[in-house]
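First the structure, in the form of structure tokens, and then the observations on it.
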Amino acid sequence: MRTAGTLALLGAVAYGVTSLVSTPAHAQPSAAAVVSPDTGPAGSTFTLSWTGVYLDPDCNDYTVRIVWDGKQVVGSGRHAGRGAGSGTGTVPAGASAGGHRVTAVPVCAATAYPTDSFTVIPTPTTTTRPPATTTTTPPPPVTTTTVPTTTAPTTRPTTTTTETTTTTTTDSSSSSAPVTTTKPFDGDGALTLDKDNIQPGDPLTATGTGCEPGSEVKLSSLGEDVGKARADGSGTFSTRVEFATIQPGRHVIRADCGIVLVGSVDVALTSSTSGTTSTLVVLVFFILVGALLLRRQFSALRRRT
């Protein structure tokens, strides 16, 4: 009976050692957005739906703003959980014809903002034909002439009637075919970090694209400024990320340059080599404890025999 109990104890020890090994985290799905309908005139409404958007762990506000061309807020929605949500927006009254960006911008998010395109078409023009104009000339007055005679006065009435009707019809209509100018959709900006995992003190460089040329760029993480730069003539920047204080875990980095770019990095306190060494030390300890218990069990059996 003691031998069976010892084997059960060794099985529990092996299970505990196995549970010490961590499994890699699954990558989150990329953020995506769909606008419906994707075409319409200025002043029309649309619905923006998104997936793959995950909020910061310390965020309790699920409000999502709908931004037109990265500058103007034209609507709002709400994050429904599991990385998805939807909202409604209105095309600005002064929007030019062609392609425009429609972006879902949560108040706080741990992933990049999803964007889709909307094509503005000209408002159709209605031409009203003016009514016909009719000009009528009134008839001249009636003239009565009396002719005297020598034999008997006789009055011979003479009636002359002239009626002239002139009708002038003016028909003017003008119509011009609408001209549509379509701007090519140039895509979204992106923030790239040169490392996915760092330890405190390791250098980290952030590179971004899609900013306004010459705009100032501010980098922050959890409300703390971690770097700044200025975009060049092509809207690209590169700068070093410096944390004043850093804790282990995933850190979301935001770059604000008129539009907001998002990236993330994982911070670990120990390397994978030291973690493996610690696991091996614990494994050897449990094996020695098991061997000691087996030795005591066999000693007790010998004494009985």
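When PRO203 is tested against (1) more than 20 Å from the chain's Cα centre (by Cα); (2) within 28 Å of ALA104 (Cβ to Cβ); (3) assigned to a loop (DSSP other than H, G, I, E, B), just one condition goes unmet, and that condition is (2). In the range 254-305, the residue that is nearest to ILE198 (Cα to Cα) out of those that are among the small types (Gly, Ala, Ser) and at pLDDT 80 or above is ALA268.
Considering (1) closer than 16 Å to VAL260 by Cα; (2) out of contact with any Gly (no Cβ under 6 Å at 6 or more places or on another chain), the lone condition that GLY210 does not fulfil carries the number (2). In the range 67-93, the residues that are under 23 Å from ALA255 (Cβ atoms) form Cβ pairs under 7 Å with partners that are among the basic types (Lys, Arg), at six or more places apart or across chains, as follows: ASP69/ARG101; GLY70/ARG101; VAL73/ARG65.
Quick check, is ALA42 at pLDDT 90 or above, among the aliphatic types (A, V, I, L, M) and surrounded by 14 or more Cβ atoms within 10 Å (Cβ to Cβ)? Yes: the conditions hold for ALA42. Any idea which residue in the range 218-233 is surrounded by the most Cβ atoms within 10 Å (Cβ to Cβ), counting only those that are in contact (Cβ under 8 Å) with a residue 24 or more places away in the chain and of a type outside the set (D, E, K, R)? The extreme case among them is LEU219.
The values are calculated or read from the model by the stated rules, or taken from the named source; none is laboratory data. Here the structure is a predicted model, which is why all the values come from computation and not from measurement. As a convention, Cβ positions derive from the backbone with ideal geometry for all residues, glycine included, and neighbour counts pool all protein chains shown.
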